[in-house]
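What follows draws every value from the coordinates through simple rules; no lab data is involved. These numbers come from a predicted model, not from an experiment. Methodologically, a virtual Cβ is constructed for each residue, glycine included, from the backbone with ideal geometry; neighbour enumeration extends over all protein chains shown.
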Amino acid sequence: MSLVIVGSMAFDEIDSPFGNSGRVIGGSATYSSISASYFASDIKVVSVVGEDFPEDAMAMLREKNINLEGVDIKKGRKSFFWHGRYHNDLNSRDTLVTELNVLGDFNPVLPESFKNTDFLFLGNLSPDVQLSVIAQTTKRPKLVAMDTMNFWMDIALDALKNTLKEIDLLIINDEEARQLSGQYSLVKAARLIREMGPKFLIIKKGEHGALLFHKDEIFFAPALPLEEVFDPTGAGDTFAGGFMGYIAHTGDITFENMKRAVIYGSAAASFCVEKFGTKRLEELTGPEITERVQKFVKLVDFKV
C-alpha cells in the first residue's frame with residue numbers, strides 16, 4: 001500500500017564527542033523515507049530543496065524505490081541547513097546554526113498521483129502546513145500520522161490543536177507530551193492528548209524506549225543497548241519511517257500490529273545512531289533488520 005511522507009530534506013553538520021560529521025544530508029523526509037523503504041515498496045516524498053542538494057543523494061533515494069515527484073527543486077536557492085553540537089551524554093544538544101533557506105516558505109503540493117494515498121506521515125512542519133496537506137488528499141487515508149515539537153506548542157498552539165483533530169496518530173517525545181498536556185505523568189498526558197483528536201499516541205523516550213497508547217491499552221518497547229552511539233540526529237524520524245513503512249506493508253492498523261510496528265521502527269532507529277547522518281541507514285540489509293528485531297524480542301522475553 002502507498003505511503004506519502006511530507007517533510008524536510010536538508011543538510012546537517014554534527015559536532016559530537018566522536019568528532020565532526022562535516023556537511024551530510026538529513027531532514028525528516030530523508031531519514032523517514034529511507035527507513036520506510038526497508039518495509040514498504042510504494043513510498044512517495046513531498047519536500048523542497050535548493051539546487052545545492054546533491055544529485056547522488058537523490059539517486060540513492062530513487063534506488064530505494066522512493067518516488068521523488070513531489071520534491072520541489074528551487075533553482076538559485078539553498079537547502080535547509082542545521083548545525084548542532086551534542087553534549088557528552090548525547091541526550092542534549094545545542095543548536096549552533098539554523099538556515100531555513102527554501103524551507104522558510106515551503107508550501108507542500110501533493111502531485112495528483114499522491115492524493116489517493118493509503119497512509120500519510122507528516123513530518124515536523126508548521127501545523128497549518130500539515131493541515132493543508134491533509135486537505136489535499138482526495139480520500140481519507142487509512143492512517144494519518146504526524147510529528148511535532150515544542151516550538152509549535154510555543155508559537156502556534158491553537159493551530160496545532162486544530163490539526164490534531166484531523167489525525168489518527170501523534171508521535172512525540174516525553175518532554176513534548178508533558179508540555180502539550182500540562183501533565184507530568186505520561187499516562188495522564190496520553191489521555192489528555194488523545195482527547196484532542198488522535199486515537200493513537202506514541203511517546204518516544206530516547207534511550208529509554210517508546211510507549212504506544214490506545215484507549216486503555218499501553219505497550220512499552222525498550223531501547224536496545226548499543227555498544228556504539230555516534231549520532232542521535234534523525235533517530236526519531238527513522239523510528240517514524242520504520243513504523244509507518246511496516247504499517248503500509250501490512251495494511252493493518254490494529255493495536256496489535258502497531259505494537260509490532262513500534263519494534264520494527266525501534267530496530268531501524270537503533271541502526272541510525274551508529275554512524276553520522278544517514279550513512280548507516282543507506283547500507284542496511286534485510287537480514288540485519290531481522291536479526292536486530294530478534295534482539296528486541298529476546299530483550300523482553302521472559303516466563304512467569
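Modelled spin labels at Ile155 and Leu192, positioned 7 Å past Cα toward Cβ, are 2.4 nm from each other. Take the cross-link list Lys74/Lys142; Lys139/Lys205; Lys74/Lys161; Lys161/Lys215; Lys44/Lys295 and give me the ones stretching past 22 Å between alpha-carbons. Where the Cα-Cα span goes over 22 Å, the pairs concerned are Lys74/Lys142; Lys139/Lys205; Lys74/Lys161; Lys44/Lys295.
Given R0 = 25 Å, the distance between the Cβ atoms of Glu274 and Phe302 translates into a calculated FRET efficiency of 0.40.
Charged neighbours of Phe296, selected by a Cβ distance under 12 Å, balance to +3 (K, R count +1; D, E count -1).
With a cut-off of 15 Å between beta carbons, the residues surrounding Trp82 carry a summed charge of -4, where Lys and Arg count +1 and Asp and Glu -1. Other residues with beta-carbon under 12 Å from the beta-carbon of Lys188 carry, at +1 per Lys or Arg and -1 per Asp or Glu, a net charge of +2. Counting neighbouring Cβ atoms within 10 Å and putting the fewest first, the residues Ser79, Ser92 line up as Ser92, Ser79. Consider the candidate values [x] 55, 43, 37; [y] 62, 43, 36; [z] 66, 42, 33; state which one is Cα extents along the principal axes in Å computed from the structure displayed. Correct label, based on the coordinates given: [y].
Percent relative contact order of the range 2-300, based on C-alpha pairs within less than 8 angstrom and at least six residues apart? Relative contact order of the range 2-300: 18 percent.
For the chain, modelled as a GNM whose springs connect Cα atoms under 10 angstrom apart, the maximal fluctuation among Val46, Val133, Val97 occurs at Val97. With both labels modelled 7 Å from their Cα along Cα-to-Cβ, the Phe18 to Lys142 distance reads 3.6 nm. Here Tyr246, Tyr184, Tyr86, Tyr31 are placed in order of increasing Cβ neighbour count within 10 Å, fewest first, which gives Tyr184, Tyr86, Tyr246, Tyr31.
Restricting to the chain, what percent of DSSP beta bridges are antiparallel, rounded to 5? Antiparallel: roughly 40 percent of the beta bridges in the chain. Please compute the modelled spin-label separation between Arg93 and Thr290, points set 7 Å along Cα→Cβ, answer in nm with one decimal. Between Thr290 and Arg93, the simple spin-label model gives 3.3 nm. Loop-located trypsin sites (Lys or Arg not before Pro) in the range 176-226 (DSSP state not H, G, I, E or B) with no more than 16 neighbouring Cβ atoms inside 10 Å: Lys199, Lys215. When the convex hull of its Cα atoms is viewed from all sides, the range 110-258 shows a mean projected area of 9.4 nm². Loop-located GluC sites (Glu not before Pro) in the range 37-141 (DSSP state other than H, G, I, E, B) with a sparse environment of at most 13 neighbouring Cβ atoms within 10 Å: Glu51.
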